[in-house]
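The values are calculated or read from the model by the stated rules, or taken from the named source; none is laboratory data. Computed from a prediction, not measured in an experiment: that's the story for all the values here. Cβ coordinates were reconstructed from backbone atoms using ideal geometry, including for glycine residues, and neighbour counts include every protein chain displayed. What goes into the accessible areas is simple: the full protein's heavy atoms, side chains included, and nothing from ligands, DNA or RNA. Shrake-Rupley method; radii C 1.70, N 1.55, O 1.52, S 1.80 Å.
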Amino acid sequence: DRIDDLENRSRRNNVRILGFPEGAEEGNPIAFLSTILPELLGLDPVVPLDIERAHRSLGPRPPPDHRPRAFIVQLLRCTIREKILRAAREKDKVIWRDKKISFYPDLSKDLQQRRQRFAEARQQLQDRGIRYGMFYPATLKVTYNGVTSAYSSPEEVLNFLKSLPPVISVPR
């Protein structure tokens, strides 16, 4: 647990960007992302992004018909990371040259899997219109009727959902 926590803390200023085609950066990912990201996300071009490092995720270059590797971008300040993630969330769909670009916090594989276990519960909460949020490391907070509850396992969330009255859908 300690090692996993240390690994995730070391990634706290990182952003994982999916969707840019292989070779789009033309050998200089920092310069590419420094110019493209403010334009794509509507960020102030005067404020520098302060990218410390940027590279494609490890592994061999995929064939043209496969999904491109992700960019891992390490920023100097976590406030810039939050601005990037917030702008991407607010913009909803980010498109660059007919390619959908996605932005995520860079988390360890283990933590991603722990968060992914909540997918079904999150979908059910979304279908019912119940507010929720995923918090570090893998805690789902649900706000229902003004009361906020925190759940560390998807089974707890599903049990909570079963305890709610059934949803009655009204035909339009």
What is the Cα convex hull volume of the chain when expressed per residue in Å³? 179 Å³
On a 1.4 Å probe surface of the protein chains, which of T143, T148 comes out largest in accessible area, and what is the full order? T148, T143
TM-like helix rule applied to the chain (DSSP H, alpha carbon span at least 15 Å on the long axis, mean Kyte-Doolittle at least -1.0) gives 29-41, 78-91
Quantify, in whole percent, the carbon and sulfur part of the accessible surface of the range 109-163 (1.4 Å probe; protein heavy atoms only). 45 percent
Mean separation of Cα contacts under 8 Å (6+ apart) over length of the range 1-105, as relative contact order %: 39 percent
What helix-only [θ] at 222 nm does the chain give? Using -39500 (n - 2.57) per DSSP H run of at least 4, over all residues, to the nearest 500, the answer is -11000 deg cm²/dmol
Nothing charged except the Cβ atoms of Lys and Arg (+1) and of Asp and Glu (-1): what's the magnitude of the dipole of the chain about its Cα centre? Round to the nearest 20 debye. 320 debye
Run the reach check for K83 against aspartates and glutamates, Cα to Cα strictly under 19 Å, same-chain hits fewer than 8 apart removed. What comes back? E39, D44, D50, E52, D92, D106
With a ≥ b ≥ c from the Cα gyration tensor eigenvalues, square-rooted, and the rule rounded for a/c under 1.5, otherwise prolate when a/b > b/c and oblate otherwise, the range 109-163 is prolate
Given the candidates S102, L58, A24, the one whose Cα lies deepest towards the positive end of the charge dipole of the range 1-105, counting +1 at each Lys or Arg C-beta and -1 at each Asp or Glu C-beta, is S102
Rough spin-label spacing in nm, given labels placed 7 Å along Cα→Cβ, for A31 and F135: 4.4 nm
About the Cα centre of the range 109-163, what is the dipole size in debye to 20, counting +1 per Lys and Arg Cβ and -1 per Asp and Glu Cβ, all else neutral? 120 debye
Quote to one decimal, in nm, the extra length available between N145 and D65 on full extension: 0.36 nm per residue of separation minus the C-alpha distance between them. 24.0 nm
Kindly identify the range 41-101 as rounded, prolate or oblate by the Cα gyration tensor criterion: order the square roots of the eigenvalues as a ≥ b ≥ c, call it rounded if a/c is under 1.5, otherwise compare a/b with b/c, prolate if a/b is larger, else oblate. oblate
For the chain, set up a Gaussian network in which alpha carbons nearer than 10 Å are linked by springs, and say which option among P45, P64, P29 fluctuates the most. P64
